Amino acid sequence: MNRGIYIIANDKVTDHAIALLNSIRLHDTETPIVMIPYNDNYHNIANTLSKHYGVQIYEDLDFIERLSNKLHEIFGSQFFARPNQFRKQACWFGPFDEFLYIDTDIVVFEKIIDNLNYLATSDFICCDYQHLGGIENVFTPKVLEEKVFTEDEVKDIFNGGFWGSKKNLISENDLYEIFAECTAHPEYFDFSQKTSDQPIINYMLLKRIPRRFNIVRREGKAPGNWGGTPYFQTQGNILIDPSVNQPLQYLHWAGIPIQPGCPYWEIWEHYRNLNPELPSPIFPEPVRKSQWEQTVDNVKNQLRQLKAKL
């Protein structure tokens, strides 16, 4: 079985990609990794990742261009905040029979490819507690009111930054059909916090792939992984989730700028600087927020923490 990892990146996220690749290669020097270009500004990062980590560029760039053009044709230019996020759907048609997709604002703490073993009894895997926060950032209540999905089905919503599946389980035509369905019903989707592909891809998975498995539902549960969770405990260069007494499999700074002072900055900085052949990143001094902005952020974090514990 041919397995591998996909990432999507451009030169702008070079430091993030280096941190991710350092963490992957620390535990796994062999698994092939393919980068899907986020846009045309990817040649510098491609050279760096190829030289130091053996990363290859997605071979069928014509498909990615075709996908981008079709997306624009169906949705127009104003539907999504970041339409290029949809390029990650090239994963279904690349070289790997089984694959993981991983966002670059992640670092991993284990041989992460082994999670594909769950595909022995399912066709799609994810690993997060997104569902505990309800359907926000994915769907509006309309999907339940109009019986598009059941209450049980929406418990399978997931964060689009980490997932795995099998080649050709979704066809190119499936993608375009789903896009057309979604553009006919914008009222189903929650884009209030400028998510892009996540609502549409959740819709596609719930409609087209019935054999789904969220790894956090395994026996004994699984640790959390969101960078905004305040109670993870540092143990060396990994984190422990005391709620399940397990080390994290990965940490995802979803929605959180990675910069000095951000949550678990020392963890990210450690993995970013693991390769002595690469210079350390340079970050500008963060702009200090007003007292009012800090208060609003604290309230938002407290609400997220409360939802995570429910």
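The values are calculated or read from the model by the stated rules, or taken from the named source; none is laboratory data. All values reported here derive from a predicted model rather than from experimental measurement. Heads up, the Cβs are rebuilt from the backbone with ideal geometry, glycines too, and the neighbour counts pull from every protein chain shown.
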Return the residues of the range 25-48 that are among the aliphatic types (A, V, I, L, M), under 16 Å from ASN275 (Cα atoms) and touching a residue at least 60 places away in the same chain (Cβ under 8 Å); say none if nothing qualifies. LEU26
Residue that is surrounded by the most Cβ atoms within 10 Å (Cβ to Cβ) [pool: residues in the range 147-161 that are in a loop (DSSP other than H, G, I, E, B) and touching a residue at least 24 places away in the same chain (Cβ under 8 Å)]: ILE157
Going through the range 136-146 one residue at a time, which ones are outside any strand (DSSP E or B) and either over 17 Å from the mean Cα position of the chain (by Cα) or without any contact (Cβ under 8 Å) to a residue 12 or more places away in the chain (or both)? THR140, PRO141, LYS142, VAL143, LEU144, GLU145, GLU146
I need the full set of residues from the range 129-146 which are in contact with a Lys or Arg (Cβ under 7 Å, 6 or more places away or on another chain) and crowded, with 16+ Cβ neighbours inside 10 Å, in order please. HIS131, GLY133
Examine the range 48-58 for a residue that is closer than 21 Å to ILE209 by Cα and more than 18 Å from the chain's Cα centre (by Cα), and state whether such a residue exists. no
(1) within 25 Å of the chain's Cα centre (by Cα); (2) at pLDDT below 95; (3) part of a loop (DSSP other than H, G, I, E, B): which one isn't true of CYS262, the others all being true? (2)
Please state which of the following conditions GLU98 fails to meet, knowing it meets all the rest: (1) touching a helix residue (DSSP H, G or I) at 6+ places or on another chain (Cβ under 8 Å); (2) among the charged types (D, E, K, R); (3) without any contact (Cβ under 8 Å) to a residue 24 or more places away in the chain. (3)
In this structure, is ASN115 out of contact with any Asp or Glu (no Cβ under 7 Å at 6 or more places or on another chain), surrounded by fewer than 23 Cβ atoms within 10 Å (Cβ to Cβ) and over 17 Å from ASN214 (Cβ atoms)? no
Anything in the range 170-205 that is over 17 Å from the mean Cα position of the chain (by Cα), within 18 Å of LYS88 (Cβ to Cβ) and surrounded by 14 or more Cβ atoms within 10 Å (Cβ to Cβ)? List them, or say none. ILE170, GLU172, ASP174, LEU175, TYR176, ILE178, PHE179, CYS182, PHE189
Search result, residues across the range 209-222 that are in contact with a helix residue (DSSP H, G or I) (Cβ under 6 Å, 6 or more places away or on another chain) and either without any contact (Cβ under 8 Å) to a residue 60 or more places away in the chain or basic (Lys, Arg) (or both): ARG212
Matching residues in the range 162-217 (modelled with pLDDT under 95, part of a strand (DSSP E or B) and either within 28 Å of ASN2 (Cα to Cα) or among the hydroxyl-bearing types (Ser, Thr, Tyr) (or both)) number 0
Need pairs with beta-carbon distance below 8 Å; first residue without any contact (Cβ under 8 Å) to a residue 40 or more places away in the chain and within the range 1-24, second hydroxyl-bearing (Ser, Thr, Tyr) and not in a loop (DSSP other than H, G, I, E, B); sequence gap 6+ or separate chains. THR14/THR48; LEU21/TYR53
Enumeration of residues in the range 281-310 that are surrounded by 10 or more Cβ atoms within 10 Å (Cβ to Cβ), modelled with pLDDT of 75 or more and part of a loop (DSSP other than H, G, I, E, B): PRO281, PHE283
